[in-house]
1. If you average the alpha carbon positions of region 182-232 and of region 147-162, how far apart do those two centres end up, in angstrom?
2. Between the helical axis of 122-131 and the dominant principal axis of the chain, each derived from Cα atoms, what acute angle in degrees is found, rounded to the nearest 10?
3. For region 104-211, what's the relative contact order in percent, using C-alpha pairs closer than 8 Å and at least 6 residues apart?
4. Between helix 36-50 and the chain, what is the angle of the helix's C-alpha long axis to the longest principal axis, kept within 0 to 90° and rounded to the nearest 10?
5. What's the center-to-center distance, using Cα atoms, between region 45-103 and region 105-142 in Å?
6. Arranged by the count of other C-beta atoms within 10 angstrom, fewest first, what order do 159, 54, 201 take?
7. Between 153, 43, 197, where does the largest GNM mean-square fluctuation fall for the chain, given springs only between Cα atoms within less than 10 Å?
8. Give the dimensionless ratio obtained when the Cα radius of gyration of region 199-255 is divided by 2.2 N^0.38 Å.
């Protein structure tokens, strides 16, 4: 029954988002780069159905949170669950508006055409790490949620200290992909959804279950935003069954 009621609520809110030029809002969103593939397809649909105009800036979660904390003008911020909770507690977002819109796991990727390591099991994954000459991921100091998780995983597995010496760090997104695409890296790690964004690289697969970490992405209304109704309509749209199909096609898991 709860699921039926929830679905009905989504349909109702989507209906409320029907075009109304008189109440159309200009909405600014801050969101992690891992969401770009899905949101670049979903948000134009929402603009068309609602009449609202959206601008969006992508970046590492830590950097986005810092921008909101410093008072940058924005209406909606999408962050990892732990960072979203920090902003809520700090009063930077409106309490009660937090909604998980998607979650994503960490994937292994290689330069297109390069050999793909066997990571089909936990043991195979460890062998791949042991045999790799060079691995790469985004520098966790730059605040990316997935890169922080990868760094924690590598530290937990690096019993002999050999993984760290074979690791290259790069800024997230394009610089990391550029590094792997240039050759000389056995494989890299980043959110699965981000691997789909560049044709120069290929997904090997998700990190095996015993070592996998998922990042739930939480949308929140920024405390200074006057656009609560538009926010509710957008969240309803992003959580709808039609949107979920697009999230999944871009590498995300069910919420």
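1. Each part reduced to its Cα centre gives a spacing of 19 Å.
2. Orientation of helix 122-131: about 60 degrees from the principal axis.
3. 50
4. 10
5. 31
6. On the way: 159 8, 54 19, 201 23.
By the 10 Å Cβ count, ascending: 159, 54, 201.
7. The residue with the greatest mean-square fluctuation here is 153.
8. 1.52
Values in this text are rule-based calculations from the coordinates and carry no lab data. Since the model is a prediction, treat every value here as computed from it, not as a measurement. Every residue, glycine as well, gets a Cβ built from its backbone with ideal geometry; the counts of neighbours run over all protein chains shown.
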